[in-house]
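To start, the structure under review is shown below, and the notes come after it.
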Amino acid sequence: MSLFGRNKNKGKPPPGEPPAKLVERAFNDLRVHVRLQEQDIAVSEDFHAQLHASMPELVPYGSNQYAAVRAVLDWDHQIPNEYMLLRIYTAYSRHEARLLDTQIRARDQAITSDNVYPEFDLPDYGDLDASETYIAVLRPGSADFEEFRFFSDWRKEVRPPVARAALSAVKQLESYQEAYRTRQNDALGSAVVVGWVPPCLAKSTAWAVEIWLVVEFDGQIGKAKVFMVDSESLVVTREYLTEVHVP
């Protein structure tokens, strides 16, 4: 039984090339924000190849296949740039690929229209609609990812049977039981399902389910124990502490 809830290409042939080939093509066609180009940052083909080499393997969610992958190297709205943002956008269907490309072209036009003086702020390539979005944070001149994160509008859509199975696997762990016993107080509640995590972040074979157990919280800042559970094998592949902030 499939544990995935959103399968846009179920029963259909793959709409495009293998993920690795699409990612390679995306880096061959890498868009570099004009503010980075003006600072002569990340403009060489050799650097683009280094960025490509830093990319983890992407695996589409469920039975989906990628129809398109797009890569953009974005600025951080500072001159000189302190960070760069590598944005990876994917589309599961040709229709979504066309919509994604339309958004990118519209952002290109907005940037070109506003680019009157080099010291002016400009739009970036953030907040585009895509099937899956990945963002890497880098320092100018470095191809090493300081952070790599996944975003989607369906990430929290974990079906109840999948959530229950993942929670059950986590609650059997000694590390979970120890964290539960020693946490700040019982009012912090039980473990909660946060959403789906791709294999490249969960270090899993299949897509994983992310689960949090809040262990400290003072009303604004706290800590949570994070568990990532392979949705097929139900093996917990990652555990770590993270900070919790309330705006």
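Since every read-out is calculated from the coordinates, none of them should be taken as a lab result. This structure is a prediction, so every number in the text was calculated from the model and none was measured. Counting neighbours? That spans all protein chains shown, and the Cβs are built from the backbone with ideal geometry, glycine included.
Couple of notes before you dig in:
- Cα gyration tensor, the range 19-151 - rounded (a/c under 1.5), prolate or oblate: oblate
- Contact order normalised by residue count of the range 100-205, Cα under 8 Å, 6+ apart, percent: 20
- Pairs of lysines in the chain (C-alpha under 23 Å apart; 8 or more residues apart or interchain): 15
- DSSP-loop trypsin sites (Lys or Arg not before Pro) across the range 120-219, with at most 11 other Cβ within 10 angstrom: LYS156
- Considering only ILE135, SER54, ALA163, and ranking their Cα positions along the charge dipole of the chain that arises from unit charges at the beta-carbon of Lys, Arg, Asp and Glu, the one farthest toward the positive end is ALA163.
- Stretched out straight at 0.36 nm per residue, the stretch from SER44 to ARG31 would grow longer than its current Cα-Cα span by 3.5 nm.
- Among the chymotrypsin sites (Phe, Trp or Tyr not before Pro) within the range 153-247, those in coil by DSSP and having at most 15 neighbouring Cβ atoms inside 10 Å are TRP154.
- Residues of the range 217-233 with an amide N closer than 19 Å to a point placed 7 Å from the Cα of VAL244 along the Cα-to-Cβ direction: 217-229.
- DSSP-defined antiparallel bridges as percent of all bridges, the chain, nearest 5: 95
- Option label - mean projected area of the Cα convex hull in nm² computed here, alternatives (1) 14.9; (2) 14.2; (3) 16.0: (1)
- Between 0 and 90 degrees, the angle of helix 19-28 with respect to the longest Cα principal axis of the chain falls at about 30 degrees.
- Phi to ³J(HN,Hα) by Karplus 6.51 cos²θ - 1.76 cosθ + 1.60 over the range 112-127, Hz, x for Gly, Pro: 4, 5, 8, 7, 8, 10, x, 8, 6, 5, 9, x, 10, 9, x, 6
- Length available on full extension from VAL235 to HIS52: 0.36 nm per residue minus the Cα-Cα distance, which gives 62.9 nm.
- Cα-based helix-to-principal-axis angle, 45-54 vs the chain, degrees rounded to 10: 10
- Charge tally around LEU201: other residues with Cβ under 15 Å, Lys/Arg +1 each, Asp/Glu -1 each, net -3.
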